[in-house]
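Structure, as structure tokens:
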Amino acid sequence: MKIGVICYPTQGGSGVVATEIGHEMAKAGHEVHVISYATPFRFQTYMENFKFHEVEVSAYPLFRYPPYDIALANTVMEVAESEGLDIIHAHYAIPHAISAHLAREMLAEQCGSLRIITTLHGTDVTIVGQERGYTRITRFGLMKSDAVTTVSQDLARETEAVFGQINKPLKVIPNFVDTERFHQDCCPDKRALLALPNERILMHLSNFRDVKRPLDVVRAFARVASEYKARLIMLGEGPLQRNCKELAHKLGVADHVRFLGNVDKPWELLPQADAFMLPSEHESFGLAALEAMSCGVPVIAAKTGGLPEVVVHGETGFLCDVGDIDAYADALATLFKDDETQNEFGARARTRAITEFSKERILPVWEEFYREVLAAPVNNAALRA
């Protein structure tokens, strides 16, 4: 198969998953072309059949905002035509599914059998799709796609609630993790760089936006810092990073909190944690939580979105109501109190990551789904939608 992948290049979960799917499809012998405005995070350049195509956006002064969606459609058209693509896999509906549809329309005579798969990752439903100015065009993009997938059952339900019926079933294919890369024995020498030998480590990884509620991590940590010798390691960057630093000073724990910014190899740091916290307002899946679990780290997360499909309460970690700092602190104290408890939770987290969400389990599902979409009759109803 010849597969085109459209994604955002940022460090968020969608870009990681899109790139990893493409990489593994290339390893399986397929030809994969990744299309974005910059080289995606974790893109590996050493494979001949795994290529990157940059979208060049015009800086013509007429445009107040450069029309990325048009430039993307043009690039998709050119790649599909020159490389003979069979499938375009668009990660996010806006603008990727719309641009893919426009590219196919321009190539109707040459590439009439080009198929479009759109994967929804969450923001395109929870935020973009609910904005009055984007709801109808997002639904249009889903209708024009030959297939639509979501990363969790919760997101599938929310998609149907927001957009109604879209003339095709929603296929749920969860995110996955490379359990050989993310494992508990990686880089034990890194722990000494993060904390003292007698300190517990709580870790958080996000883009520090409101929806991730990173301030709750600082608050929960401060509740237990007086009882346990511990260190909070904050990974990632974003608009609330400064607020977190100020809150740590206000609560008197600044000397025990470290902000390391964006990291290229999170699999080297996650195994050093004794607990991982993801208290998001909403999380359609929670890839960071899964990566921590794969490293044998129990997860304390909000009971929202797709997180209950990843974290099993009382077994691989704890699920708490959004904003319940007392519950987060109690869960953290449970994991910090002794090695046996932490190790038991961590072992079960690792087992769940392997048995339910490993790439060996999920990637064959993607390959088979690609073949099903290609084998199905051309979706004329979608083309006319």
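Numbers for the structure displayed
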| quantity | calculated |
| --- | --- |
| Residue check for residue 114: at pLDDT below 95, surrounded by fewer than 22 Cβ atoms within 10 Å (Cβ to Cβ) and either hydrophobic (A, V, I, L, M, F, W, C) or touching a Pro at 6+ places or on another chain (Cβ under 8 Å) (or both) | no |
| Selected residue (only one of 325, 362, 300 is among the aliphatic types (A, V, I, L, M) and under 26 Å from residue 89 (Cα atoms)) | 362 |
| Which listed residue, of 378, 299, 310, is outside the structural domain of residue 150 (by TED's automatic domain parsing), within 29 Å of residue 141 (Cβ to Cβ), out of contact with any Pro (no Cβ under 7 Å at 6 or more places or on another chain) and of a type in the set (A, V, I, L, M, F, W, C) | 310 |
| Test result for residue 278, among the aliphatic types (A, V, I, L, M) and out of contact with any His (no Cβ under 8 Å at 6 or more places or on another chain) | no |
| Counted residues, the stretch 145-165 - those being among the charged types (D, E, K, R) and within 18 Å of the chain's Cα centre (by Cα) | 2 |
| Residue 322 being β-branched (Val, Ile, Thr), under 21 Å from residue 213 (Cβ atoms) and surrounded by 21 or more Cβ atoms within 10 Å (Cβ to Cβ) | no |
| Output for the stretch 164-209, where each listed residue is at positive phi and not polar (S, T, N, Q) | 164, 187, 208 |
| Evaluation of residue 371 against (1) surrounded by fewer than 17 Cβ atoms within 10 Å (Cβ to Cβ); (2) modelled with pLDDT of 95 or more; (3) in the same structural domain as residue 279 (by TED's automatic domain parsing) (one fails), failing number | (3) |
| Qualifying residue in the stretch 217-225 (condition: in contact (Cβ under 8 Å) with a residue 40 or more places away in the chain, within 24 Å of the chain's Cα centre (by Cα) and closer than 24 Å to residue 20 by Cα) | no |
| Subset of the stretch 192-215 [in contact with a helix residue (DSSP H, G or I) (Cβ under 8 Å, 6 or more places away or on another chain), outside any loop (DSSP other than H, G, I, E, B) and either farther than 14 Å from residue 275 by Cβ or outside the structural domain of residue 271 (by TED's automatic domain parsing) (or both)] | 214, 215 |
| Count of residues meeting criterion [at pLDDT 90 or above, surrounded by fewer than 22 Cβ atoms within 10 Å (Cβ to Cβ) and of a type in the set (Val, Ile, Thr)] in the stretch 150-168 | 0 |
| Candidates 348, 352, 361, filtered to the one that is among the basic types (Lys, Arg) and more than 18 Å from residue 181 (Cβ to Cβ) | 348 |
| Residue identified as free of Cβ contacts under 8 Å to residues at least 40 places away in the same chain, loosely packed, with under 15 Cβ neighbours inside 10 Å and of a type in the set (S, T, N, Q) among 341, 334, 304, 316 | 341 |
| Index of the failed condition, residue 124 passing every other in (1) in contact with a Phe, Trp or Tyr (Cβ under 7 Å, 6 or more places away or on another chain); (2) modelled with pLDDT of 90 or more; (3) charged (D, E, K, R) | (2) |
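The values are calculated or read from the model by the stated rules, or taken from the named source; none is laboratory data. Keep in mind it's a predicted model, so treat the numbers as computed, not measured. No Cβ is skipped: glycine too gets one built from the backbone with ideal geometry, and neighbour counts run over all protein chains shown.
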